[in-house]
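S.K.: Here it is, the structure, as structure tokens.
Every number here is computed from the coordinates shown, using simple stated rules; none is lab data. Given the structure is predicted, the values throughout are model-derived calculations rather than measurements.
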């Protein structure tokens, strides 16, 4: 898979090895940050948020500086 900054729902679910519904459940519960450009539009996920969720179970913007460095160095 080529590197992309943003992944859609199906790509994010493959990236996390979860089903689409589980990824949306993470968003609904506030565990994972997802973006919709319009009401009922496509879900988009930042790769940094997905990596931060896997490594620290938190959004990228809520991580401390050392945690952000770990996520960036994992690439």
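S.K.: In nm, what is the difference between 0.36 nm times the number of residues separating residue 44 and residue 4 and their Cα-Cα distance? Please report the intermediate quantities before stating the final value.
M.R.: Details: separation 40, 0.36 × 40 = 14.40 nm, distance 1.14 nm.
So the chain would gain 13.3 nm between residue 44 and residue 4.
S.K.: I've got another one for you. Tell me the relative contact order for the chain as a rounded percent, counting alpha carbon contacts under 8 Å between residues six or more apart.
M.R.: Contact order relative to length: 27 percent.
S.K.: Return one number: the angle in degrees, 0 to 90 and rounded to the nearest 10, between the long axis of the Cα atoms of helix 47-56 and the longest principal axis of the Cα atoms of the chain.
M.R.: Around 60 degrees separate the two axes.
S.K.: Also, quick follow-up: Quick one: length gained pulling residue 31 to residue 62 fully straight, 0.36 nm per residue minus the C-alpha distance?
M.R.: Result for the pair: 10.0 nm of gain on full extension.
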